[in-house]
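K.L.:
Structure provided below as structure tokens; questions to follow.
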Amino acid sequence: MEETKNTSGTSLLVPSVQELAKQNLSTVPQRYIQPQHQEQMVLISQQPNLEIPVIDMQRLLSQESGNSELDKLHLACQEWGFFQLINHGVSPSLVEKVKLEIKEFFNLPMSEKKRFWQSPEHMEGFGQAFVASEDQKLDWADIFFVTVLPKQLRMAHLIPHLPLSFRINYYPPCPQPEKVIGLTPHSDGVGLTILLQVSEEEGLQVRKDDMWILVKPLPNSFIVNIGNMLEIISNGTYRSVEHRAIVNSERERISIATFHTSKHDGVLGPAPSLITEETPPQFQRIELKKFLTNLFARKLDGKSYLDTLRL
Ligand SMILES: O=C(O)CCC(=O)C(=O)O
Ligand SMILES: [Fe+2]
């Protein structure tokens, strides 16, 4: 059998932002200063009432005639690339337990967290992702990233200690929130992302045309978004939309993103059934392993990675 290799790559090692924030600095170190993102903030306020669509899972599954939820879902994936999923069937008590455990996990002392830190060889664990060079600007956040499935790709030193499975984003408060970015604007590389906001704090913004729309999470909901892979497979019908996370000066913010991909041994490309003379392929075909290796070798930069695959 061919050896299965984890394709999540390496990332240069960076300091913990959570620890940095504990020092009560009045200004942020240069490496985190990225005021260009502030310029785009202006765009938000113009349309304060625009919100990402809401999809009701129970309605989606119901057999009622005239059920329009599927049309709503289709439209959400085409026009927004994002929606909030309500009535998803996951028990609220389980979700609360996960939130609590995640908070405790990030509050472990550094001496313990060190055991789960990234290494020069591998980006899984605590640290940051997509750090490709020493002089690259950094996000105001720590992440904890881990591959959960398939089982043979799990990193043995991380999984047994984990509360559950995924990438966790931890954004500490920042003395100069308008000068940094919590998570650089990007579209997700994967197929589908399911995101749970752990704390009440808002901070996720989704690009809609030329605006950044703030997501206001509904109680007991998940935020779902289309990633690059689904955009490719749907030949551009469904869109992986840029989003980013901002931070504030008062409170920390935590989110959990679970990234879903297709099998790592396949080839990624537009679904043949969607290719016609009128709708020629918009993206190259590429081995999934190669797609992922290339993805993690770059810094985050909007939709630039997907653009490299456009025909
Ligand atoms: O923190 C958030 O709300 C966004 C997280 C995100 O976009 C990601 O992890 O890819
Ligand atoms: Fe994302």
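K.L.:
Looking at the range 179-201 only, could you name the residues that are in contact (Cβ under 8 Å) with a residue 24 or more places away in the chain, surrounded by fewer than 20 Cβ atoms within 10 Å (Cβ to Cβ) and not in a strand (DSSP E or B)?
P.N.:
179, 191, 199, 201
K.L.:
Name every residue in the range 168-182 that is closer than 14 Å to residue 254 by Cα and in contact with a Leu (Cβ under 8 Å, 6 or more places away or on another chain), in order of residue number.
P.N.:
Those that are closer than 14 Å to residue 254 by Cα and in contact with a Leu (Cβ under 8 Å, 6 or more places away or on another chain): 169, 171, 172.
K.L.:
Residue 216 fails exactly one of the following numbered conditions: (1) open to solvent by 10 Å² or more (accessible area, probe 1.4 Å); (2) in a loop (DSSP other than H, G, I, E, B); (3) within 22 Å of residue 302 (Cβ to Cβ). What is the number of that condition?
P.N.:
Status for residue 216: all satisfied but (3).
K.L.:
Here's a follow-up. Quick check on my filter: what residues within the range 1-22 are of a type outside the set (Gly, Ala, Ser) and either modelled with pLDDT under 85 or farther than 19 Å from residue 116 by Cβ (or both)? Explain how you work it out, then say what you get.
P.N.:
Start the filter on the range 1-22 by keeping residues that are of a type outside the set (Gly, Ala, Ser), which leaves 1-7, 10, 12-15, 17-20, 22.
Within the range 1-22, 1, 2, 3, 4, 5, 6, 7, 10, 12 meet the criteria.
K.L.:
If you scan the range 179-229, which residues turn out to be among the aliphatic types (A, V, I, L, M) and under 11 Å from residue 241 (Cα atoms)?
P.N.:
Going through the range 179-229, the residues among the aliphatic types (A, V, I, L, M) turn out to be 180-181, 183, 190, 192, 194-196, 198, 204, 206, 211, 213-215, 218, 223-224, 226, 229.
206, 226, listed by residue number.
K.L.:
Can you name the residue in the range 117-130 that is at pLDDT 90 or above and among the hydrophobic types (A, V, I, L, M, F, W, C) and is also least open to solvent (accessible area, probe 1.4 Å) among such residues?
P.N.:
Of everything passing the filter in the range 117-130, 126 is least open to solvent (accessible area, probe 1.4 Å).
K.L.:
Of the residues that make up the range 81-100, is at least one in contact with a Ser or Thr (Cβ under 6 Å, 6 or more places away or on another chain), in a loop (DSSP other than H, G, I, E, B) and in contact (Cβ under 8 Å) with a residue 40 or more places away in the chain?
P.N.:
Yes.
K.L.:
State which residue is nearest to ligand 2 (Cβ to nearest atom) when the search covers only the range 257-270 and only residues that are within 21 Å of residue 194 (Cα to Cα) and either open to solvent by 10 Å² or more (accessible area, probe 1.4 Å) or small (Gly, Ala, Ser) (or both). Even if it seems obvious, please write down each step before you answer.
P.N.:
The initial filter retains those residues of the range 257-270 that are within 21 Å of residue 194 (Cα to Cα), namely 257-264, 268.
Going one step further and asking which of them are either open to solvent by 10 Å² or more (accessible area, probe 1.4 Å) or small (Gly, Ala, Ser) (or both), we end up with 257-264.
Working: 257: 6, 258: 11, 259: 8, 260: 13, 261: 14, 262: 18, 263: 22, 264: 20 Å.
Here the residue is 257.
K.L.:
While we're on this one: So which of 241, 224 is in a strand (DSSP E or B) and at pLDDT 95 or above? If you could, list the steps in order and put the result at the bottom.
P.N.:
Numbers: 241 fails: in a strand (DSSP E or B).
From the options 241, 224, the qualifying one is 224.
K.L.:
Could you run through the range 248-267 and say how many residues are touching a Gly at 6+ places or on another chain (Cβ under 6 Å) and near ligand 1 (Cβ under 10 Å from one of its atoms)?
P.N.:
Number of matching residues: 1.
K.L.:
Here's a follow-up. Under 7 Å by Cβ, and 6 or more places apart or on different chains, what pairs join a residue from the range 216-240 that is at positive phi with one that is open to solvent by 30 Å² or more (accessible area, probe 1.4 Å) and of a type in the set (A, V, I, L, M)?
P.N.:
What qualifies is 220/86; 235/274; 235/275.
K.L.:
What's the number of the only condition in (1) within 26 Å of residue 180 (Cβ to Cβ); (2) at pLDDT 90 or above; (3) open to solvent by less than 50 Å² (accessible area, probe 1.4 Å); (4) not aliphatic (A, V, I, L, M) that residue 137 fails to meet?
P.N.:
Of everything listed in (1) within 26 Å of residue 180 (Cβ to Cβ); (2) at pLDDT 90 or above; (3) open to solvent by less than 50 Å² (accessible area, probe 1.4 Å); (4) not aliphatic (A, V, I, L, M), residue 137 misses just condition (3).
K.L.:
A follow-up question, please. Among the residues of the range 53-80, which ones are under 25 Å from residue 234 (Cα atoms), surrounded by fewer than 16 Cβ atoms within 10 Å (Cβ to Cβ), free of Cβ contacts under 8 Å to residues at least 60 places away in the same chain and of a type in the set (Asp, Glu)?
P.N.:
71
K.L.:
Further question on the same structure: If you go through the range 128-144 one residue at a time, do you hit one that is within 18 Å of residue 258 (Cβ to Cβ), in a helix (DSSP H, G or I) and of a type outside the set (D, E, K, R)?
P.N.:
Checked against the condition, which is being within 18 Å of residue 258 (Cβ to Cβ), in a helix (DSSP H, G or I) and of a type outside the set (D, E, K, R), the range 128-144 yields no hits at all.
K.L.:
When you check residue 278 against the structure, is it in contact (Cβ under 8 Å) with a residue 24 or more places away in the chain and away from ligand 2 (no atom under 16 Å from the Cβ), yes or no?
P.N.:
On the way: in contact (Cβ under 8 Å) with a residue 24 or more places away in the chain: no; away from ligand 2 (no atom under 16 Å from the Cβ): yes.
When the stated conditions are applied, residue 278 does not pass them.
K.L.:
Considering only the range 192-231, how many residues are more than 13 Å from ligand 2 (Cβ to nearest atom) and small (Gly, Ala, Ser)?
P.N.:
Looking only at that region, the number is 2.
The values are calculated or read from the model by the stated rules, or taken from the named source; none is laboratory data. Note that the coordinates shown come from a computational prediction; the quantities given were computed from them, not determined experimentally. Neighbour counts run over all protein chains shown; Cβ positions are idealised from the backbone, glycine included. Areas reflect the complete protein model, heavy atoms only, side chains present, ligands, DNA and RNA absent. Shrake-Rupley method; radii C 1.70, N 1.55, O 1.52, S 1.80 Å.
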